[in-house]
1. What are the pairs with Cβ atoms under 7 angstrom where one residue, in region B:117-142, is assigned to a helix (DSSP H, G or I) and the other, located anywhere, is surrounded by 14 or more Cβ atoms within 10 Å (Cβ to Cβ)? Sequence gap at least six, or different chains.
2. Considering each residue of region A:89-106, count those that are surrounded by fewer than 22 Cβ atoms within 10 Å (Cβ to Cβ) and either of a type in the set (A, V, I, L, M) or in contact with a strand residue (DSSP E or B) (Cβ under 9 Å, 6 or more places away or on another chain) (or both), and give that number.
3. Take the conditions under 18 Å from B:LEU208 (Cα atoms), in a helix (DSSP H, G or I) and in contact with a Pro (Cβ under 8 Å, 6 or more places away or on another chain) and apply them to B:MET79. Does it pass?
4. Can you tell me which of A:ASP323, A:ASP374 is over 28 Å from A:VAL25 (Cα atoms) and either part of a loop (DSSP other than H, G, I, E, B) or outside the structural domain of A:GLY268 (by TED's automatic domain parsing) (or both)?
5. For region A:220-231, how many residues meet the condition of being at the interface with another protein chain (Cβ under 7 Å from one of its Cβ atoms) and free of Cβ contacts under 8 Å to residues at least 60 places away in the same chain?
6. Kindly list, by first and then second residue, each pair from a residue in region A:24-35 that is within 14 Å of chain B (Cβ to nearest Cβ) to a residue that is surrounded by fewer than 21 Cβ atoms within 10 Å (Cβ to Cβ), limited to pairs with Cβ atoms under 6 Å and residues at least 6 apart or on different chains.
7. Residues that are surrounded by fewer than 20 Cβ atoms within 10 Å (Cβ to Cβ), within 17 Å of the chain's Cα centre (by Cα) and at negative phi: does region B:94-101 have at least one?
8. Looking at (1) within 19 Å of A:PHE173 (Cα to Cα); (2) touching a strand residue (DSSP E or B) at 6+ places or on another chain (Cβ under 6 Å); (3) not in a helix (DSSP H, G or I), which is the one condition that is false for A:GLY36?
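The values are calculated or read from the model by the stated rules, or taken from the named source; none is laboratory data. What you are looking at is a predicted structure, and each value in this text was computed from that prediction instead of being measured. Heads up, the Cβs are rebuilt from the backbone with ideal geometry, glycines too, and the neighbour counts pull from every protein chain shown.
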Amino acid sequence: MNARIALLLALALPFSASAEITGKVIKIGVLNDQSGLYADLAGAGSVMAAKMAAEDSGGKIGDATIEVIFADHQNKPDVGSNIARQWYDVDGVDVIVDVPTSSVALAVSQITREKNKVFLGSSPGTSDLTGKACSPNTIHWTYDTYALAHTTGSAVVQTGGDTWFFLTADYAFGQALERDTAAVVTSSGGKVLGSVKHPLNTTDFSSFLLQAQSSKAKVIGLANAGGDTINSIKAAAEFGIVRGGQKLAGLLVFLSDIHSLGLSTAQGLFVSESFYWDRDDKTRAFSKRYAQRMNGRMPTMAQAGVYSAVLHYLKAVKALKSDSDGRAVVEQMKKTPTDDPVFGKGSIRQDGRKLHPMYLYEVKKPSESKGPWDYYNLVKEVPPDQAFRPLDKGECPLVTAQK
Amino acid sequence: MLAVPIQALFGQLLIGLINGSFYALLSLGLAIIFGLLNVINFCHGALYMLGAFVAWFLLEKAGIGYWPALILAPLAVGMIGVLIERTLLRRISGLDPLYGLLLTFGLALILQGLFSNWFGSSGMPYEMPSQLLGGQALGFMFLPNYRVWVIAISLVLCLGTWAVIEGTRLGSWLRAATENAPLVSAFGINVPRMVTITYAFGVGLAALGGVLAAPIYRVSPLMGADLIIVVFAVVVIGGMGSILGSIVTGFILGILEGLTKVFYPEASNTVIFVVMAIVLLVRPAGLFGKQT
């Protein structure tokens, strides 16, 4: 009997808590890689970005305080899922942000939907987050594999790179990036000659590069990220791949990767970014503030994306005066156009895709760079309707159900 | 994928040999330390990382280049090794090897944590020495000069160490102390000092590996953690404490891993552990260990 009452109470609780800010605190959980190969592109920098967004929103909404906590998911889906459940069930977290490593992001998105909270993905890549696996509780903020393929990928094809060989990180992100890029290559009349799948977090790429070399493909597409991309590019330079006439296409390269590679190795590389600190006065002002608190490191697009996403989330909570119904908050976020100093004006689509331009940059020669972090020359701006997958092509159930 | 041309296979074998030479260099140090101190030195990877960082510091802060660093970094890390042995490991000598494992594992975590905190995880570039830039076109592959240098120096060091231990008086003392330390000290040999020197030498080898690796990869706080587990597998497969075993196994497993990268790349980071499991089942003391 007691158990039944407890059950009834538990069922009633969500209703009694609705239309207010749960626990008088808006708890933002930054879940990412704090110590491994993606720690520099997200890591502590994303936590700082979330804190800055909270401060810039006034630190309070009504009488509810904004709190930012963080945890290390070690790029493992099981670890990430456990933390997400613990955060939602026990610690009263209202929104999870960042979450690099697509396999972890897909798991967190699923849990967030079950618990009716909010997930704002800034670092994950897989375009499935707004495709087959889309969710009314998830917004995919900064970039995705489709956008990378249609920015770097199509730029490389246009400069004559019509035969490709992929070096692909063997998990959800790498596979999605290879799939989306291969589609661009073949639809522009090019050919994919082969691919090799390497384990996540590989040190030595020379063996894989040798296979890429013997494929005689004009372009070696790197469908990996972070430390894996850095190691691939270094080994390619050492083994004379580029001098031998083959071209490298780093499909996802972050500013922190370029910093670690050094310009003498990275020069000439095409990079797709939705944010670069030196784009305009507003991005410079934000980045300067950020760098002062991060030992002089400039933010990557993933970290800037966390700032932008949290800012918009807090606006929605303020408008609703409630953070208890995750789906309603996301709905509110989709209704309101986005506008912030780092990404400018934009919008969020029905499938959860945040829309803004993507920028194709070329990495500067050492002689062109004025100092640390001055790394990119702008090649072109790709408008959102070309950069991101058309709404009806993603097979997102939220979209197809509406028709 | 199975139709790999024989020439490409040569290239892969060569690359396997290069990686194997890192494994050999590191597992050699581990084997020596385990042999004499009975300590499973889990901070070996962290000290390898430290070696690379010393080289980086020398270049950035003092303008001292690669070649002096090749000597200075192992010396500096060797001194740190002396400190670790004198202040920490000595206190737990004679206890179960598990204590040494936990102590050195903790040390490794502290070192990696500190460096990750200071330098971030993606690491810093370290320029290759100009004398070793470029490479040889072998027809079947382009072989960077630097990699040839790595194979050469690690072969020389491995064989040299083996020769010293097997063929000299000092080596015979060392081997004797491994068997029965009290008896050796009864002959008037300063065993504690020999233990300190051995530990310093072992971690010095790790630091040298770090300097060698710096231009190929990056100087990164995690470089040791990525490598150490594989190296432990090498030591276990070779036979705990067997010097020749660790060298030979290092090279063989490098090659095996290289071949896996061709035939089934997805398994390339697990193949070594599969071999380890099989070896432990069939020959629990390792390929070159004394079966008791």
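1. So the pair list comes out as B:PHE119/B:PRO221; B:LEU132/B:ASN145; B:LEU132/B:TYR146; B:LEU132/B:TRP149.
2. Number satisfying all stated conditions: 3.
3. Answer is no for this residue.
4. A:ASP374
5. 2
6. A:GLN34/A:ASP72; A:SER35/A:ASP72
7. Yes, some residue in region B:94-101 is surrounded by fewer than 20 Cβ atoms within 10 Å (Cβ to Cβ), within 17 Å of the chain's Cα centre (by Cα) and at negative phi.
8. (2)
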